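Since the structure comes first, as structure tokens, the remarks are kept for the end.
The values are calculated or read from the model by the stated rules, or taken from the named source; none is laboratory data. If you're wondering where the values come from, they're calculated on a predicted model, not measured in any experiment. Every residue, glycine among them, receives a Cβ derived from its backbone with ideal geometry; neighbour counts consider all protein chains shown.
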Protein chains: 2
Amino acid sequence: MTGWEIGKTGFDIKDAAADGTKFLCANGFMGLRGAPEEAFESFCPAVTLAGVYDRNGDKWREPVNAPHPLTVRAAFDGAPMALGDRAPESHEAGLDLRHGVYFRDTAFGPVRISSRRLTSMADCHLMADRMTFTCQRAGRLTITAGISRRIWDINGPHLFGFTAGTGETLLLSARTGEKGILVAAAQRAVISFPAEERFITGDDGVFRVIEKDVRPGEKVTLSLFAAVWTSLDAPDPEEAARRTCDSAAGQGFDICLKAHEDAWEDIWDACLIDMDGPEEEQLTLRASQYHLNACAPRHARDMSIPARGLSGQTYKGAVFWDSEIFLLPMFLYTQPEIARSLLRYRIATLPGALQKAAEYGYRGAFYAWESQEGGAEGCTDFNVVDVFTHRPVRTYFRDCQIHISADIVHALREYYEVTGDRSLFEQGGDRVVLECARFYLSRAFRRLQGDEIEFTDVIGPDEYHERVSNNAYTNRMIGRCFETALMLEEIFADTPGRLQALKRDLDYEEDWALLESAVKKIRGPRKRGGVIEQFDGYFALEDCSLDTVRRRLMDPREYWGGDHGVAGPTQIIKQADVITLMALLPEEFTDEEIDANWAYYEPRTEHGSSLSACMYALTACRTGRMEAAWRLFQKTAGIDVVGGGKEWAGEIYIGGTHPASNGGAWMIAALGFAGLKVKNGVPSLDPRLPDEIRSLTFPITCGGKKYTITVTSDGGSIDPA
Amino acid sequence: MTGWEIGKTGFDIKDAAADGTKFLCANGFMGLRGAPEEAFESFCPAVTLAGVYDRNGDKWREPVNAPHPLTVRAAFDGAPMALGDRAPESHEAGLDLRHGVYFRDTAFGPVRISSRRLTSMADCHLMADRMTFTCQRAGRLTITAGISRRIWDINGPHLFGFTAGTGETLLLSARTGEKGILVAAAQRAVISFPAEERFITGDDGVFRVIEKDVRPGEKVTLSLFAAVWTSLDAPDPEEAARRTCDSAAGQGFDICLKAHEDAWEDIWDACLIDMDGPEEEQLTLRASQYHLNACAPRHARDMSIPARGLSGQTYKGAVFWDSEIFLLPMFLYTQPEIARSLLRYRIATLPGALQKAAEYGYRGAFYAWESQEGGAEGCTDFNVVDVFTHRPVRTYFRDCQIHISADIVHALREYYEVTGDRSLFEQGGDRVVLECARFYLSRAFRRLQGDEIEFTDVIGPDEYHERVSNNAYTNRMIGRCFETALMLEEIFADTPGRLQALKRDLDYEEDWALLESAVKKIRGPRKRGGVIEQFDGYFALEDCSLDTVRRRLMDPREYWGGDHGVAGPTQIIKQADVITLMALLPEEFTDEEIDANWAYYEPRTEHGSSLSACMYALTACRTGRMEAAWRLFQKTAGIDVVGGGKEWAGEIYIGGTHPASNGGAWMIAALGFAGLKVKNGVPSLDPRLPDEIRSLTFPITCGGKKYTITVTSDGGSIDPA
């Protein structure tokens, strides 16, 4: 590892899937997993497409993996050279984070295979790979390069009716089973040498076979240009894919690489945190920023980021509250155009949220817990598989995690407060806010005796405790949703007719009156000695240690939550819950309150979610627990490089990159260590540097202006950039 | 089997526990399981005491089994003669239902052992056993008769600090671990012959060893008189037990037997249903009436009947809603003094119900789901053990089966309406009704928008579906509870000051006003084509067949309910739910409604509870489905003789007698087949005899008068007795 490289030496098939995640190249449109070119299924090779979903039978809906157009298998004198099939003499692979380039270098006997591969940040449909074969002795080199159908699918297959085309540019296209979306992949090879060529078309895909007799010491270079388009992007995706390849081939690999690198440099200019501190954390913070930027939807106007980015099909490729609460801040403070895309995704998918609420008999907007295209709910009623019986288990994530709508409203408000830009409200955000508030009005209960508003049968951020009442986080975020709805009057004070028209349009007059009275009546948190009770009855649960609960596990993969889980009947929680509330709304709590709750909840938290450590780190900075803050920062930033995230929930594989932690790492550094706050578009700092860091320098954009933030142990400065 | 005898020939240790239940002798104070005198632990021998509970460590609280004072082991020429240890040449055992006498007849080589044994209906502390040993050849007979400590305990041991006494009367006493209740057992032997005697006192108990050389053909008779008293019954239970034995021994076995038989004759005079029909059903109906009468608390003023009677410690010896809904009617219509005791138990345990409500943050009376002494809740938060992991599972029976309070109010009202006697209301029943209504007022929710009252997070009679909202049965029974509370005004119209004083005493003025407005606002049932939806969302559950669900079982003992159970996510229900409502309040539904709901729900019902078949039978009579009614009657009446009840719920043994089915058999015959109804103390009939029955004759008592009911295919008659 260097300051900008992650990589590893040696090969073990057991690590192949995890390495495919670590060494991912992505550009928002697609994610090319970091498997070597010859990878077969157990490497989990995939080109995962953003926003293209399919359902096979009654299996889970998930994103579609395109045919893999950078598949290359080589042989020398008839002996195949493929990792997994044959032990290499040496192998090295990794990722250049600065430039988003995957590299490998493998020796099979007399042949050394090197490559550099990218998914272009300059053209989101383009991938390129330059492979070099250096042959120590004379022999016959056979290279089979093409578009493979042998791709990783969790709940597939998703593509049917394949059509293959050969010629200068190979083509393979097929349609998704559910919606008939045409997915076309193309590949064009440019070789540096005369060679014999032929084509193979079959169940494995379409391939060009290149054969050449090499001299001792000869170096053979092959440049591959590949493209993926779908019928969602272009009326004729096959033609579009062919053109992308042809145009890139015309420019050549170096020009494609340069354009790609320049695009990455622009990204780093906008957001790179330059940390003068330990090398490992420098690297992991960069890796976090790389992975989060790599999956940002730069090509789309209203798209969000799945919980595992573009690293595969896990978590159904769905968008969770992670987007608003964990991923959004970095973009919001550094690349607001991407923040807008994430939020416009929610505006665009309001119809899905209205429909989900109606399905449950509610009014307003109940956003999907696992949102797919159009806001379709990807979360099923049976979202965990029991390890003991292999049966799906009824979970209530879909029904009860109602805080998602309030989280979205919170993010819209954050956007407005940091940027000072009300355009998202003008473009439908106002409607989202009112419909979310309306959902909660229709979900609210009062006791027959008493006037307080309660939210019963919910799940808070801590998913291990299902179907609880008056979760402190949920109740307060709903309160904030109501406040934000009422705030629209002030935001549009200069054009009062606008809000009036909207209310009329939504038939909202009665709801507005109800909102005005309800906003003060939401049940506040119960407390014991300054500690907020996470939900009604939480303090009455068994109060045992995390170790005690862990010792009760009978299978390392078993699910901890729900009535059958080891954590369910105890005070052990999956992730920050009360503390998330305090991290999101720090001004509503005193240092003493935060400290008391931190001290109570942190030891009771499994941190079984990548959404946990960063919230504890942010609040630890606030109360000066800098040792803990640093430890949690290390954990958060290191998750995709060092590892340590959960790979299994029950029997369900949940591996992949962790955009929420990636965003969390930025938040801890910028909002925690530097203490960055923006109020009415004006930034301020309250630095809390851990001992391990000498300085932090990073750019931000807020209130439409760019600044350079510098923090040292002597304090901080905010300079116009 | 004869018309009044159940029994069996041959011996198989595998059946010993089940036979111990079938051949139970009980008298309301104690239940002597039908194991032979020499029984060791695997026969589950026990003298289960009513109303005496103990908890060992953190195991479940359960009734205490007394030391067994009718334990006899015999040997001939040194060879032991004990079932289970040695295969007998012949064996027969059984129960004379008419007289409540257990009998056995066993041949071990040259010796034949016969006995007749009883728990006295004339003196509830007394047991007696007359054993005869007939010896074909000369030899030495050794009889070891005493009080055994080797008794069946599920969650024991419960007795500590044993004290033994020998002499003419053997004594063994000990104290319960939790509350220090002294339990004393005594035994006195009367022998018909001179013999050598010595005593053995040890860890097994205290025994008298009788040795005698017998002549060929000699018949040796031993009469044993035993007694159990506890410090709950007498200040000096040891002395009391000794006296009971001495007095009985003075009278002799025949006089004790006669007094016992006379007491049973009185019971039969009050309640026997004489059914001219198939012999098997004649017998099973008698067995049902026997078992229900055997556990009736004739000795106590305010005691109820546990869900498994006095047949052991299963179901924690707790009192369920079974008492009010299933057991009460037979007593109410035939022996109202016992009905009063059952209901006074609820009046006496009101403090426990107030305390339980307060624990959950509610007002009023929330009766225990599994009520033990003083109304203590025996139901734990973890009431099922998972067969796959052997872990206790969080269940919500304790928290959510709120219908129990309404069931009790319903029973109080039934008592009043059938007897015309308001004395129970005067003795505290009025307070129970008001506190139950108050509980529901405090548990009621309204949506923020809307005025209807909803009961969310409940469990109805069908326990497989936990934490549902607006269970039709629960909502309607709560409505009836409210109506009954308001009805008190009319019941005490002649003494208006009484209710006013009570309201003042209970600070009830505001609640009363709320009741008056709430009674009309409870959410009524949702319907689809005349079929009532069991709870909100029930119709949206998977609609598959009972067989489909059964095929999903992976272990025959696994629990069907809850989120992990095979039935939970489907429309398959454990037991009658909507149909129970229709059976209890038949006047609120038309024949068409009942028929439509019967047709929908019956095929979706597992009948996995003994509380199910009888409700379906009652409603089947109403709509003329007589074939089904007869089949369900057979199942209900046969449960303790023919068998077929569930023995396991998860890993928990739930075998024992089924008082609820026993009561159900009476209900089907009297209320279903004869169509008996009592309104304002006046009986009427609406006979619906199945083809299998020629006539039914039975006594009832209502409105303070006795009647003889006769029903034939020509109609029915009601004659003053």
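A few remarks follow.
- Residue check, B:ASP421 away from chain A (no Cβ under 12 Å), within 30 Å of B:THR605 (Cα to Cα) and part of a loop (DSSP other than H, G, I, E, B): no
- Checking each residue in the stretch A:151-194 for being surrounded by fewer than 17 Cβ atoms within 10 Å (Cβ to Cβ) and in contact with an Asp or Glu (Cβ under 6 Å, 6 or more places away or on another chain) picks out A:ASN155, A:GLU178.
- A:ASP640 meets all of the listed conditions (1) modelled with pLDDT under 95; (2) among the charged types (D, E, K, R); (3) surrounded by fewer than 24 Cβ atoms within 10 Å (Cβ to Cβ); (4) under 22 Å from A:ALA270 (Cβ atoms) but one, namely (3).
- Given (1) without any contact (Cβ under 8 Å) to a residue 60 or more places away in the chain; (2) of a type outside the set (S, T, N, Q); (3) more than 13 Å from every other protein chain (Cβ to nearest Cβ), number of the condition A:PHE482 does not satisfy: (3)
- Residue within the stretch B:319-328 that is under 30 Å from B:ASN155 (Cα atoms), in contact with a strand residue (DSSP E or B) (Cβ under 8 Å, 6 or more places away or on another chain) and either aromatic (Phe, Trp, Tyr) or modelled with pLDDT under 95 (or both) present: yes
- Inter-residue pairs, beta-carbon under 6 Å, first among the basic types (Lys, Arg) and in the stretch B:427-440, second at pLDDT 95 or above, 6+ apart: B:ARG438/B:ARG363; B:ARG438/B:GLY364; B:ARG438/B:ASP511
- Single unsatisfied condition, A:PHE40 versus (1) under 21 Å from A:ALA174 (Cα atoms); (2) within 21 Å of the chain's Cα centre (by Cα): (2)
Residues checked against (1) over 35 Å from the mean Cα position of the chain (by Cα); (2) at pLDDT 95 or above; (3) among the aromatic types (Phe, Trp, Tyr):
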| site | (1), (2), (3) |
| --- | --- |
| B:GLU463 | no, yes, no |
| B:ASP494 | yes, yes, no |
| B:LYS527 | no, yes, no |
| B:VAL531 | no, yes, no |
| B:TYR538 | no, yes, yes |
| B:LEU541 | no, yes, no |
| B:SER545 | no, yes, no |
| B:ARG551 | no, yes, no |
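- Of all residues in the stretch B:425-475, those being under 30 Å from B:GLY565 (Cα atoms), more than 10 Å from chain A (Cβ to nearest Cβ) and among the aliphatic types (A, V, I, L, M) number 4.
- Every residue from the stretch A:1-38 that is of a type in the set (D, E, K, R) and more than 19 Å from A:PRO67 (Cα to Cα): A:GLU5, A:LYS8, A:ASP12, A:LYS14, A:ASP15, A:ASP19, A:LYS22
- Residues of the stretch B:613-629 that turn out to be part of a helix (DSSP H, G or I) and over 21 Å from the mean Cα position of the chain (by Cα), as a count: 8
- Any hit, the stretch A:475-490, residues being touching a Leu at 6+ places or on another chain (Cβ under 6 Å), in a helix (DSSP H, G or I), of a type in the set (Gly, Ala, Ser) and closer than 19 Å to A:ALA339 by Cβ: no
Residues are listed down the side, and each one gets a yes or a no for (1) in contact with an Asp or Glu (Cβ under 6 Å, 6 or more places away or on another chain); (2) part of a strand (DSSP E or B); (3) without any contact (Cβ under 8 Å) to a residue 24 or more places away in the chain:
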{"position": "B:ALA18", "(1), (2), (3)": "no, no, no"}
{"position": "B:GLY31", "(1), (2), (3)": "no, yes, no"}
{"position": "B:ALA39", "(1), (2), (3)": "no, no, no"}
{"position": "B:ARG73", "(1), (2), (3)": "yes, yes, no"}
{"position": "B:GLU92", "(1), (2), (3)": "yes, yes, no"}
{"position": "B:LEU95", "(1), (2), (3)": "no, yes, no"}
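- For B:TYR53, the conditions (1) assigned to a loop (DSSP other than H, G, I, E, B); (2) surrounded by 19 or more Cβ atoms within 10 Å (Cβ to Cβ); (3) not hydrophobic (A, V, I, L, M, F, W, C) are fulfilled apart from (1).
- Which listed residue is farther than 18 Å from A:LYS22 by Cα and at pLDDT 95 or above, from A:ASP123, A:ASP85: A:ASP123
- Where helices (runs of 4 or more DSSP H) sit wholly within the stretch A:493-612, those with at least 3 residues that are away from chain B (no Cβ under 14 Å) and either of a type outside the set (Gly, Ala, Ser) or touching a residue at least 60 places away in the same chain (Cβ under 8 Å) (or both) occupy A:496-506, A:546-551, A:578-584, A:591-601.
- Options B:GLU558, B:GLU602: the member that is modelled with pLDDT under 95 and within 26 Å of B:TRP321 (Cα to Cα): B:GLU558
- Candidates are the residues of the stretch B:564-614 that are within 30 Å of B:HIS390 (Cα to Cα) and hydrophobic (A, V, I, L, M, F, W, C); the one that is surrounded by the most Cβ atoms within 10 Å (Cβ to Cβ) is B:ILE573.
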